[in-house]
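A.B. asks: Take a look at the following structure, please.
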Amino acid sequence: MSTPTEQREVRSASHSYHIGDVAALTGLTVDALRAWERVGLLTPRRSAGGVRRYTEDDIARVRLIARTLQSSGFSRRTVVALLESGNLRPDAADYAPSRARTRRRSGSTSDIARAGGAIARDMGTAHSERRTLDAVARVGDALASGRALGEVLDVICRETCNAFGVADTVLWLADPPPHPSDSWNAHEERTDHAGSRPHALVVAAAYGPHSSEAMHTNVPLSVPLDDPRIPAVRAFQTRRGLIINTMEAPAATPRDLRDVLRGAALLLTPLLATSGAPLGVLVLREAQDPERFDTNDLEHVRLFAVQAALAVETARLH
């Protein structure tokens, strides 16, 4: 009797799929699969006519890559290295057929309704993950093209809105920015612009109909880091994400700053340097629905923020 591994090898050798089939089975786009191939994540076989032919092993690898990129915050280059080293391998779940294809074809109305709801949730999750991966790729492209820091920050804000479907995004950065060698323990005196402990958060970029006006002021909008009433300050100081429902700016807040702070719902996630020091805070704002965000959103945005923080650090170095 053959083992599960042997059975899988037989199926993998006897079945092949076109790139459109793989996209449908995994929830990715054809363009994403081609992009992964260009960077070495995938190496499908080719027919005599040059047509890509994917095996079940390839499909399992696609699912593994998508899950790893979404959950770990690794770059595509890092995932390639992990795959080549053998430290990252598909498991049984990656070979499991799509739940949408294995649902029972008959059953009660309630069974069908539950199945339909589960499929819709799966499709929604796949679509959300795909948008996030695409947004990360566009931030990476902006960085690789050598754009200035301000342009990279603008791309981060725009892609945050696109990936998570929010009205506005504001990117707060520490002022002054932490020095690469700063231990945050003040072991030696430094001037403000040589890496001393930040004393304020400054609006460095914004995108959306309500927040983009913050970038047209003569003086950058800022909030002191000794005011815990402001959610961005709390997220920065605690280095933890927050969800705020129906936020109103504190009393006596300047008008320009008041518009940036308030919203029907806010999701805030800190941007952390590779050393663990906070760089700033990424704020997503929903204009109308106070129940817009939940803990799943917080986790997805946190993973995106890992790449955003890396982009900020790299752009600053260059």
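A.B. asks: Is there a residue being more than 24 Å from Ala135 (Cα to Cα) and at pLDDT below 90 anywhere in the range 262-271? Steps first, answer last, please.
C.D. replies: Taking the range 262-271 and keeping what is more than 24 Å from Ala135 (Cα to Cα), we get 262, 264.
Retained after the next criterion (residues that are at pLDDT below 90): 262, 264.
Yes.
A.B. asks: Take the conditions touching a residue at least 40 places away in the same chain (Cβ under 8 Å) and within 11 Å of the chain's Cα centre (by Cα) and apply them to Val301. Does it pass? Step through it out loud before you land on a result.
C.D. replies: Working: touching a residue at least 40 places away in the same chain (Cβ under 8 Å): yes; within 11 Å of the chain's Cα centre (by Cα): yes.
Yes: the conditions hold for Val301.
A.B. asks: Can you name every residue in the range 228-245 that is more than 15 Å from Ala265 (Cβ to Cβ) and either outside the structural domain of Pro270 (by TED's automatic domain parsing) or over 19 Å from the mean Cα position of the chain (by Cα) (or both)?
C.D. replies: Going residue by residue through the range 228-245, those that are more than 15 Å from Ala265 (Cβ to Cβ) are 228-230, 233-234, 236-240.
Answer for the range 228-245, where residues must be more than 15 Å from Ala265 (Cβ to Cβ) and either outside the structural domain of Pro270 (by TED's automatic domain parsing) or over 19 Å from the mean Cα position of the chain (by Cα) (or both): Pro228, Arg229, Ile230, Val233, Arg234, Gln237, Thr238.
A.B. asks: May I ask you to list the residues in the range 54-77 that are in contact (Cβ under 8 Å) with a residue 12 or more places away in the chain, in contact with a Ser or Thr (Cβ under 7 Å, 6 or more places away or on another chain) and assigned to a loop (DSSP other than H, G, I, E, B)?
C.D. replies: Thr55, the sole residue that qualifies.
A.B. asks: If you go through the range 11-53, how many residues are assigned to a loop (DSSP other than H, G, I, E, B), more than 24 Å from Thr132 (Cα to Cα) and of a type outside the set (A, V, I, L, M)? Talk me through it step by step, then tell me what you get.
C.D. replies: To start, the set of residues in the range 11-53 that are assigned to a loop (DSSP other than H, G, I, E, B) comprises 15-16, 18, 27-29, 39-44, 47-51.
The next check asks that each one be more than 24 Å from Thr132 (Cα to Cα); those that pass are 15-16, 18, 44, 47-51.
Now restrict to residues that are of a type outside the set (A, V, I, L, M): 15-16, 18, 44, 47, 49-50.
Total meeting the criteria: 7.
A.B. asks: Among the residues of the range 266-318, count how many are outside any helix (DSSP H, G or I) and not charged (D, E, K, R).
C.D. replies: From the range 266-318, those outside any helix (DSSP H, G or I) are 266-294, 318; that's our starting set.
Next, only the ones that are not charged (D, E, K, R) stay: 266-284, 287-288, 290, 293, 318.
So the answer is 24.
The values are calculated or read from the model by the stated rules, or taken from the named source; none is laboratory data. Just so it is clear, the model here is predicted, and its values are computed rather than measured. Positions of Cβ are generated from backbone atoms using ideal geometry, with glycine treated the same way; all protein chains shown enter the neighbour counts.
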